[in-house]
Amino acid sequence: MKRKIYDRLVEWKRNEAPGAALLIDGARRVGKSYIAEEFAKNEYRSYVMIDFAKAPKEVKGLFERYQDKLDTLFLKLSEYFGVRLYKRESLFIFDEVQQCPKARESIKHLVADGRYDYLETGSLVSIDENVQDIVIPSEEIRVKMHPMDFEEFLWARDDDTTMDFLRDHYAKREPLGQLLHRKAMDAFREYMIVGGMPQAVAEFVKSADLGKVDAVKRRILKLYREDIRKHAGRYALKTEQVFDSLAAQLSRHEKKFRLSSLGANARMREYEDAFLWLKEAMVVNVCYRSTDPNIGLGINADNSTLKCYAADTGLLISLAFSERQVLAEQIHKRLLFDSLELNKGMLVENVVAQMLATSGYELYFFSTSSESDRSDRMEIDFLIPTASIGRSHNIRPIEVKTSKRYNHASLDKFLSKYKRNLSSPLVLHAKDVAEKDGITYLPLYMASLL
């Protein structure tokens, strides 16, 4: 599986190691261990991969006993794993490093020693129990790894040309034409259904069997629930409640998370830790309401009003349709042929959120409600900052549309009220590229190019 993060690893080796270790943070089963080992095989003379989820206590104990005796530490690790170490040509991979906090803390001494390079991978790396009683090394560069994006999905299907073609049309704002647009939408629909978890993508490429793909995704969901029960501590029950209600919340027309559905007296202060845990675990993408569409969306965020998207849309589909296996397979196939009557807005808005988060955006939306003034009621699905900041026109509003016929009344009102703050507005839809009345219309598969 070709992954874009590989280029970041190469950049780190060339420009930042040995002065810093690199930590790949991501949800479980997102492909961290695979890409770390591929990088080690290709870029180093030798490597030692320590999987702390499986390593015996004797190996974990070495990092506590010999933190100040590195010659002994390297000798014992080299002997235990049967790997010869070469100065400046060997890499240590600390896989699932959250399982051995002392190994992570030792990075400070290991980097200062300078003999070897250090790559860490982890899930739940910021959860309290995994950082308790240790000092997080300042010599650690942390990068996030997301599920496979649309281009990586195409690569897995041996398609190395489509995305370059889409980039060209995106840059020129030129329509693809009916035939090529339909082909791109078909591939995008496959991506949305399968999702970006590497095991699910691999199964789809291998078998093209959506039933088998669904089984893979359900195993991942089971693993996430086990992690919640094991690691979410005193708010595990509330965290699982939020996780299990994702599909129901997103299936509503208004996708703001309604806490009242979890309990008549539920309040954000009681559930805030649950949302933060799921966000830190990179299981969800949280989108906060911004009260002022201007520079510093986060400064004006209302953290008590949010939308909560699944980090992977393929997993959301399996979470939403939890019926027996045969029915789930039928649902996947009908989604593939766009013949299932359901709120597709749930899936499409989720996949756009996923693509924006993968591109590095923090997620924000805008909404106002007024019982007395209809002109002041509006909701904008996403707000993103422009690439360069000026005195005005710094925020780009994005509306996501799924039906063939739609209006953008909210967007029109938003543009009228806040036009000084706004850059060119976007509508992401199932149709081809177009521009009209100052609004750019892009097909959904181009969301990753923003």
Tell me which of these PHE63 doesn't satisfy, since it passes every other one: (1) closer than 27 Å to GLU151 by Cα; (2) among the hydrophobic types (A, V, I, L, M, F, W, C); (3) touching a Ser or Thr at 6+ places or on another chain (Cβ under 7 Å).
(1)
May I ask you to verify whether LYS54 is within 27 Å of ASP133 (Cβ to Cβ) and part of a helix (DSSP H, G or I)?
no
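Whether any residue in the stretch 16-37 is farther than 30 Å from ASP159 by Cβ and of a type in the set (Ser, Thr, Tyr) is what I want to check.
no
Pick out, from the stretch 270-366, the helices (runs of 4 or more DSSP H) lying fully within it that include 2 or more residues that are modelled with pLDDT of 95 or more and touching a helix residue (DSSP H, G or I) at 6+ places or on another chain (Cβ under 6 Å).
On the way: elements: 313-320, 325-336, 344-358.
Once the helices (runs of 4 or more DSSP H) in the stretch 270-366 are filtered for at least 2 residues that are modelled with pLDDT of 95 or more and touching a helix residue (DSSP H, G or I) at 6+ places or on another chain (Cβ under 6 Å), what remains is 313-320, 344-358.
Pick from the stretch 195-238 the residues that are assigned to a loop (DSSP other than H, G, I, E, B) and of a type in the set (A, V, I, L, M): which of them is farthest from PHE153 (Cα to Cα)? Break it down stepwise before answering.
Going through the stretch 195-238, the residues assigned to a loop (DSSP other than H, G, I, E, B) turn out to be 195-197, 208-209, 232.
Next, only the ones that are of a type in the set (A, V, I, L, M) stay: 197, 208, 232.
On the way: MET197: 10, ALA208: 14, ALA232: 31 Å.
Residue satisfying both the conditions and the ranking: ALA232.
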HIS181 fails exactly one of (1) outside any helix (DSSP H, G or I); (2) in contact with a strand residue (DSSP E or B) (Cβ under 7 Å, 6 or more places away or on another chain), namely (1)
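Here's the yes/no breakdown for (1) free of Cβ contacts under 8 Å to residues at least 24 places away in the same chain; (2) at positive phi; (3) under 22 Å from the mean Cα position of the chain (by Cα):
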{"residue": "LYS76", "(1), (2), (3)": "yes, no, no"}
{"residue": "ARG84", "(1), (2), (3)": "no, no, no"}
{"residue": "PHE92", "(1), (2), (3)": "no, no, no"}
{"residue": "GLU96", "(1), (2), (3)": "no, yes, yes"}
{"residue": "ILE136", "(1), (2), (3)": "no, no, no"}
{"residue": "GLU152", "(1), (2), (3)": "no, no, yes"}
{"residue": "ASP164", "(1), (2), (3)": "yes, no, no"}
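Yes/no per residue for (1) farther than 30 Å from PHE275 by Cβ; (2) outside the structural domain of ARG229 (by TED's automatic domain parsing); (3) hydroxyl-bearing (Ser, Thr, Tyr):
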site: CYS100; (1), (2), (3): no, yes, no
site: TYR118; (1), (2), (3): yes, yes, yes
site: ASP128; (1), (2), (3): no, yes, no
site: VAL131; (1), (2), (3): no, yes, no
site: ILE141; (1), (2), (3): no, yes, no
site: ARG157; (1), (2), (3): yes, no, no
site: ARG167; (1), (2), (3): yes, no, no
site: ALA171; (1), (2), (3): yes, no, no
From the list ASP158, ASP186, ASP164, exactly one residue is charged (D, E, K, R), at pLDDT below 95 and either exposed (fewer than 15 other Cβ atoms within 10 Å of the Cβ) or over 27 Å from GLY122 (Cβ atoms) (or both). Which is it?
ASP186
So ASP7 fits all but one of (1) in contact (Cβ under 8 Å) with a residue 40 or more places away in the chain; (2) surrounded by fewer than 16 Cβ atoms within 10 Å (Cβ to Cβ); what number is the exception?
(1)
Scan the stretch 272-295 and tell me whether some residue there is touching a residue at least 12 places away in the same chain (Cβ under 8 Å), assigned by TED's automatic domain parsing to the domain that holds SER416, at positive phi and touching a Phe, Trp or Tyr at 6+ places or on another chain (Cβ under 9 Å).
no
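The values are calculated or read from the model by the stated rules, or taken from the named source; none is laboratory data. Just so it is clear, the structure is predicted and the values come from calculations on it, not from any experiment. With ideal geometry, Cβ positions are generated from the backbone for all residues, glycine too; neighbour counts draw on all protein chains shown.
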